[in-house]
Amino acid sequence: MTAPEPPPEEGDAQPKGGSLQGVSLRNRVTLLAALCVAGAVALVSLGAFYTVRDSLYEQLDDNLTRRAAEAAAGPLISAPGMQSVPLAFYSAANLQISLLAPNGSDIAPGKRPPTGVLELAVAQDKLPRSVRTDEGSNSRVVAVPADNGALVMSQSLVSTKATLAQLSLVLVVISGAGILLAAAAGTAVASAGLRPVQRLTAATERVALTGDLRPIPVSGDDELARLTISFNGMLGALAESQERQRRLVADAGHELRTPLTSLRTNLELLMAAAQPGAPTLSEEDREEMFADVRGQITELSALVGDLVELAREDAPQAVHEPVELVDVVERALSRARRRAGSVEFDVRLQPWTLPGDATALERAVLNLLDNAAKWSQDGGRVRVELHPDGQGSAALEVADSGPGIAEGDRPHVFERFYRSSHARTLPGSGLGLSIVKQVAERHGGSVWAGPAPEGGALLRMMLPGGLG
């Protein structure tokens, strides 16, 4: 005999037959509105029906009891066999009446009302009165005390039940109309309320298909409007990122074209001179070409390294590691001194701590130092000073003893690939100071260029933080 399968555990996957996962949000809102109204209408309808039914039965009982009491107290009851009571009176009033004796016998002028245990108990003076519904005759039966027994009176419930049936039909029709109206209203409300969501969906699909990053029109100030504003902000950031990438690629292609062309020309000349029968190059020309090729390769390597570093700085990164800026500057100084030749560094550093990326900060400081050393003459001096400015930031100043920066070039020295007319003959990619600016801005700081008291250029990087 096969053992029964165990019931599924809580973690087991459940069938999705009754779920609403495949139903659209608008249809869900419509269905929810219809169900809520249906529940409310059903409760109101049931309450109204039972209230009206109880009221009708209460009125019927009161009227029937009053008539029975009046008949029991009147002089007609004493007539033998109740012959003096006109039968037409009872027929016209839709009433049936009889006099029930304590022994169970009854006297009626016409059709007898139904009697039972309750009516007999009233005739035997065990109950003050009785009221009940007789399902067999579909009538309401009342019994009140009378001389030598009880007077039993009944009235048909046909008209009362017909009224309740009509009321039920009216309530059902009204309920159905209310549910349909609620479904239509839910559809209208859902369509109007979800219109901004539909615009967001269409915009997302448009971005995915076409790459069009135009913002979505915003109307109102509700939650969906704020969601649209946030989405527009995301589109703006994405568009800005794409523009930076396009600009970087265009500028990089422009800067790479010249050294690559020169390198190719020199290599082609060397290869042509190596062919049989070709004019030979002098040793001096050959060494000059090889030196030129090595210089171009070095320049390309530096340019590619700067491009990689700039692309890494373009990527948004969260920085939370506490960094001692003095340690960063000292590490950058040790590297700069090794390639600065006879240039000396006059260093004055005060403690400063900030949350950030130590590697990126060291790269930025090294770029400032290399730039100052490049513009200083042999035996020149570069001043490096780190001090708080008293407003919650620290200023790292690097001043050289070179020719300085022309006033027209100062607003552009931190732009990508920008090189002044005096710098075009010097080695460099034009990206070093751009990296400095990006590192400073990523850490909440800024950069500035101006004249130095020593007569050269003064480059300042402002960074927020504290004394630690």
**Complete:** To the nearest 0.05, the calculated FRET efficiency linking ASP327 and ARG244 through their beta-carbon distance, R0 being 25 Å, is 0.20
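Please get the size of the charge dipole for the range 317-464, origin at its Cα centre, with Cβ charges of +1 on Lys and Arg and -1 on Asp and Glu, quoted in debye to the nearest 20. Show your work: numbers first, answer last.
Values: 17 positive and 19 negative charges, 97 e Å.
Computed about the Cα centre, the dipole is about 460 debye.
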**Item:** Potential extension, LEU281-LEU269 segment - 0.36 nm per residue separation minus Cα distance
**Value:** 3.4 nm
**Asked** Simple spin-label model, 7 Å along Cα-to-Cβ: GLU70 to ALA101 in nm?
**Response** 2.9
**Asked** Where the only charges are on Cβ atoms (+1 Lys, Arg; -1 Asp, Glu), what is the dipole of the range 25-162 about its Cα centre, to the nearest 20 debye?
**Response** 620
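Ratio of alpha-carbon Rg to the 2.2 N^0.38 Å globular estimate for the range 25-162, to two decimals, please. Mind dumping the intermediate values first?
Numbers: Rg = 21.4 Å, N = 138, 2.2 N^0.38 = 14.3 Å.
In units of the globular-protein estimate, the range 25-162 measures up at 1.49.
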**Asked** Where the centre of each part is set by its Cα atoms, how far does the range 174-249 sit from the range 321-379, in angstrom?
**Response** 49
**Prompt:** Assuming R0 = 41 Å, what is the FRET efficiency of ASP221 and VAL172, from their Cβ-Cβ distance, to the nearest 0.05?
**Reply:** 0.40
**Message:** I'd like to know which of VAL122, SER156, SER55 lies farthest towards the positive end of the charge dipole of the range 25-162, counting +1 on Cβ of Lys and Arg and -1 on Cβ of Asp and Glu.
**Reply:** SER55
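Laboratory data are not the source of any read-out in this text; all were calculated from the coordinates shown. For clarity, every value in this text was computed on a predicted model and none was experimentally measured. Positions of Cβ are backbone-derived with ideal geometry, glycine not excepted, and every protein chain shown enters the neighbour counts.
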